[in-house]
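Step one of this worksheet: look at the structure below.
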Amino acid sequence: MAGKKILSLSAMEKILKLAGAYRVSEESKEALRDVLEDVGDKISREAIELSRHANRRTVKAGDIKLANKQR
């Protein structure tokens with residue numbers, strides 16, 4: 001996924017701190033954001049294909065869950 005980043009670095013810091021990190025570097029926040037946006041892009045694309053296969057225009061939670069399981 002190229003272009004503008006969607007997720008905020010502050011959200012990445014919150015995720016890391018909730019997971020137990022005491023301090024978080026800028027590089028680690030950026031790395032986590034890159035990974036999560038890449039995974040999110042792949043899951044989203046697969047979920048869209050699943051909804052199209054079901055002749056729907058709406059992506060449902062089940063499409064997201066199934067796309068995640070297929071990874």
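Those residues that are among the hydrophobic types (A, V, I, L, M, F, W, C), part of a helix (DSSP H, G or I) and either exposed (fewer than 10 other Cβ atoms within 10 Å of the Cβ) or in contact with a Cys (Cβ under 6 Å, 6 or more places away or on another chain) (or both), I need them from the range 12-29; list them, please.
Passing the criteria: only L18.
State the number of residues belonging to the range 1-11 that are surrounded by 11 or more Cβ atoms within 10 Å (Cβ to Cβ) and basic (K, R).
Looking only at that region, the number is 1.
Can you tell me which residues in the range 49-58 are surrounded by fewer than 15 Cβ atoms within 10 Å (Cβ to Cβ) and of a type outside the set (S, T, N, Q)? Talk me through it step by step, then tell me what you get.
Taking the range 49-58 first, the residues surrounded by fewer than 15 Cβ atoms within 10 Å (Cβ to Cβ) are 49, 52-58.
Result: E49, R52, H53, A54, R56, R57.
Give the residue that is modelled with the lowest pLDDT, with candidates limited to residues of the range 1-11 that are among the hydrophobic types (A, V, I, L, M, F, W, C), part of a loop (DSSP other than H, G, I, E, B) and touching a helix residue (DSSP H, G or I) at 6+ places or on another chain (Cβ under 7 Å).
Result: M1.
The values are calculated or read from the model by the stated rules, or taken from the named source; none is laboratory data. All figures in this text were calculated on a predicted structure; none of them were measured in a lab. In this analysis, Cβ positions are derived from the backbone assuming ideal geometry, glycine residues included, and neighbour counts consider all displayed protein chains.
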